[in-house]
Amino acid sequence: MNSPKLVEREVPPRTAWALEQAGIAPLLARLLAARGVREAAELDDNLAQLLPPAGLKGLPEASALLADAIQRHERIVIVADYDCDGATACAVMLRGLGLLGAQPDQLGYVVPDRAVHGYGLTPTIVDLALEQKPELLVTVDNGIASLAGVAHARAVGLKVLVTDHHLPAVVDGAVVVPEADAIVNPNQPGCTFPSKSLAGVGVAFYTLLGLRAELRTRGLLPQPEPRLDGLLDLVALGTVADVVKLDANNRRLVAQGLRRMRAGRAQPGVMALFGAAKRDASKAQGFDLGFALGPRINAAGRLADMTLGIETLTTDDPERALALATQLDAINRERREIESGMREMAEARLDALVEALSGALPPAVALFDAEFHEGVVGIVASRIKDRVHRPTFVFARGADGHLKGSGRSIPGFHLRDALDLVSKREPELLAKFGGHAMAAGATLAGGDVELVQRFALALARVAEEWLDEQDLTRTLRHDGKLPPEAATPETARLLDGQVWGQGFEAPVFCDRFELVSQRLVGEKHLKLRLRQGGRLIDGIWFNHIDMLPEQATLAYRLSLDEWQGQQRVQYVIEAAG
């Protein structure tokens, strides 16, 4: 519905030259320079190059709180979230506290059921945690906006440590944080930590680094001194799956985790997930984490219980890990079936909306159907957003009867801030909301379908004010032409060895081709034979069935296609210009 505008990235020539002089291959130097890398030192993924934990506000208090709990043999219960970031953060905290001296009988966890408890440290989750007789609650990947939940926990005599990366709540125009005993969050007011893009699992890992230093100071560190880098496979998985920006620090965390996976030294559950997804861990890439492992963990929180995902990541028994990963794989297949049907319904709703508006597309979209499944609204919102390049919300009716939505946004439209403005203009419309610039959630104040229409109009009004025609034009940034002599398996392996992801996108090249042949395979993919400068090369455009003209400008990724032990280069088409 909305073909992208192809725009070539700018490459600072001096920077590219300097990177070449530092020994980086010319093509890679050009790609890195175009993504803001200024010097080769930024590519050093050694652990010693990680940002020091000292810059995190609240870390000294958090470290003392945890050290006291371990020393006094207090019961610590982790309050997790029901997505992959939350599951990996919970596993990191449980494993890390165990390494640092906490006894098994000191540790427990609780994770909300998406349909029953809602998001975050709610009072009902505090009551559920109380069944485990905790003295200290530790939130991971949630809690910064849980004002009522933290207050309830403190009122019943619990200590609370919040570790999170989300934005704090805004009440009456002012940023408000909960009255916890300690908060570690790079996005809380007054925190000077340079990377604001840490995922929840990254914050959990840094909290453990602070705890280790505190225990060392107290002379309480187990000997030999525990190494925490064994947790970095989990940190990498949660970081990529949560689609946070891969700044230099996050790229180091991910690179270290991928290195462990390729060496076969990941947690049993991570290795089992590679097997269940039929992926080769020895060739692990960020793509595997984001599109194979992450969705299998997320599926548990969407359709079942995230306990299954956390147990997969915390077991040390390879056989049990494989059995759990196999269950996750089955749930993920069910999730795909539900998503496919929901996506078709959502697209039909969208087409009806466009038809009602005489072919016009509103600047923001909100969709609802009585058949929509609450656990899959975020994925479907993402798919619709990709199709129409508009901020998109998809709503479903929750178990409590309320309409609950998940939204995805486009550059230039801060979704959480937009919801804040909607709530001010329509005070009776939203029961609660929260999230990020690019992803957010909202619960409407009731179950009347008319509320979705009111929300759609209010969100579209904000979009009209904030976005212009250029913002609403989908843009695909590419890296120009790939020299024909560089279209080799060696180049593909060089690019696959780098860490790409959100904010540090994988290379996409663009060139003019003659189409020698094209045919549909699997009923929904376009298989191509391309001619470029006298050379023939294979291409495939996944989930695209429309035939192309004899000459076409194509944007594509370089990929390795393995068949019967032979490796060949293939172009994976992203768009046509």
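The values are calculated or read from the model by the stated rules, or taken from the named source; none is laboratory data. What you are looking at is a predicted structure, and each value in this text was computed from that prediction instead of being measured. Backbone-built Cβ (ideal geometry, glycine too); neighbour counts: all protein chains shown.
Name the single residue, out of those in the range 123-151 being under 17 Å from Val171 (Cβ atoms) and surrounded by fewer than 20 Cβ atoms within 10 Å (Cβ to Cβ), that is modelled with the highest pLDDT. Once the filter is applied, the top-ranked residue is Ala151. Within the range 69-83, if we keep just the residues that are modelled with pLDDT of 95 or more and in a loop (DSSP other than H, G, I, E, B), the residue that is surrounded by the most Cβ atoms within 10 Å (Cβ to Cβ) turns out to be Ala80.
Looking only at residues of the range 317-362 that are of a type in the set (A, V, I, L, M, F, W, C) and in a loop (DSSP other than H, G, I, E, B), we find that the one that is surrounded by the most Cβ atoms within 10 Å (Cβ to Cβ) is Leu361. Residues in the range 267-321 that are in contact with a Pro (Cβ under 9 Å, 6 or more places away or on another chain) and polar (S, T, N, Q): Thr312, Thr315. Looking at Arg512, Arg493, Arg477, just one residue is touching a strand residue (DSSP E or B) at 6+ places or on another chain (Cβ under 9 Å), of a type in the set (D, E, K, R) and closer than 20 Å to Asp386 by Cα, and that residue is Arg477. Would a scan of the range 295-310 turn up a residue that is hydroxyl-bearing (Ser, Thr, Tyr) and not in a helix (DSSP H, G or I)? No: zero hits. Can you pull out the residues in the range 1-47 that are closer than 16 Å to Gly480 by Cβ and assigned to a helix (DSSP H, G or I)? Answer for the range 1-47, where residues must be closer than 16 Å to Gly480 by Cβ and assigned to a helix (DSSP H, G or I): Pro13, Thr15, Ala16, Pro26, Leu27, Leu28, Ala29, Arg30, Leu31, Leu32, Ala33, Ala34.
Since Gly565 meets every condition but one in (1) free of Cβ contacts under 8 Å to residues at least 12 places away in the same chain; (2) at positive phi; (3) within 31 Å of the chain's Cα centre (by Cα), which condition does it not meet? Going through (1) free of Cβ contacts under 8 Å to residues at least 12 places away in the same chain; (2) at positive phi; (3) within 31 Å of the chain's Cα centre (by Cα) one by one, Gly565 breaks only (3).
Let's see how each residue does on (1) touching a residue at least 40 places away in the same chain (Cβ under 8 Å); (2) surrounded by fewer than 19 Cβ atoms within 10 Å (Cβ to Cβ):
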| position | (1), (2) |
| --- | --- |
| Ser3 | yes, yes |
| Pro12 | no, yes |
| Ala18 | no, yes |
| Leu28 | yes, no |
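If the condition is being within 30 Å of Ala437 (Cβ to Cβ) and not in a loop (DSSP other than H, G, I, E, B), then the range 258-278 contributes Leu258, Met261, Val270, Leu273.
Tell me, yes or no, whether the range 57-64 has at least one residue that is of a type in the set (Lys, Arg), under 19 Å from His165 (Cβ atoms) and surrounded by fewer than 22 Cβ atoms within 10 Å (Cβ to Cβ). The answer is yes, given that some residue of the range 57-64 is of a type in the set (Lys, Arg), under 19 Å from His165 (Cβ atoms) and surrounded by fewer than 22 Cβ atoms within 10 Å (Cβ to Cβ). For the range 488-507, the count of residues that are within 30 Å of Arg260 (Cβ to Cβ), touching a Phe, Trp or Tyr at 6+ places or on another chain (Cβ under 7 Å) and either in the same structural domain as Val572 (by TED's automatic domain parsing) or hydrophobic (A, V, I, L, M, F, W, C) (or both) is nonzero. For Pro53, are the conditions met, namely being modelled with pLDDT of 95 or more and either buried (at least 18 other Cβ atoms within 10 Å of the Cβ) or touching a Gly at 6+ places or on another chain (Cβ under 9 Å) (or both)? Spelling it out, Pro53 is indeed modelled with pLDDT of 95 or more and either buried (at least 18 other Cβ atoms within 10 Å of the Cβ) or touching a Gly at 6+ places or on another chain (Cβ under 9 Å) (or both).
The number of residues in the range 128-156 that are in contact (Cβ under 8 Å) with a residue 12 or more places away in the chain and among the acidic types (Asp, Glu) comes to 2.
All of (1) in contact with a Leu (Cβ under 8 Å, 6 or more places away or on another chain); (2) part of a helix (DSSP H, G or I); (3) within 27 Å of Ser195 (Cβ to Cβ) hold for Gly86 with one exception: (1). Residues in the range 182-206 that are crowded, with 24+ Cβ neighbours inside 10 Å and either under 16 Å from the mean Cα position of the chain (by Cα) or free of Cβ contacts under 8 Å to residues at least 40 places away in the same chain (or both): Leu198, Ala199, Gly200, Val201, Gly202, Val203, Ala204. Considering only the range 334-349, I want to know if a residue exists there that is closer than 19 Å to Leu457 by Cβ and either touching a Lys or Arg at 6+ places or on another chain (Cβ under 6 Å) or without any contact (Cβ under 8 Å) to a residue 60 or more places away in the chain (or both). There is at least one residue in the range 334-349 that is closer than 19 Å to Leu457 by Cβ and either touching a Lys or Arg at 6+ places or on another chain (Cβ under 6 Å) or without any contact (Cβ under 8 Å) to a residue 60 or more places away in the chain (or both).
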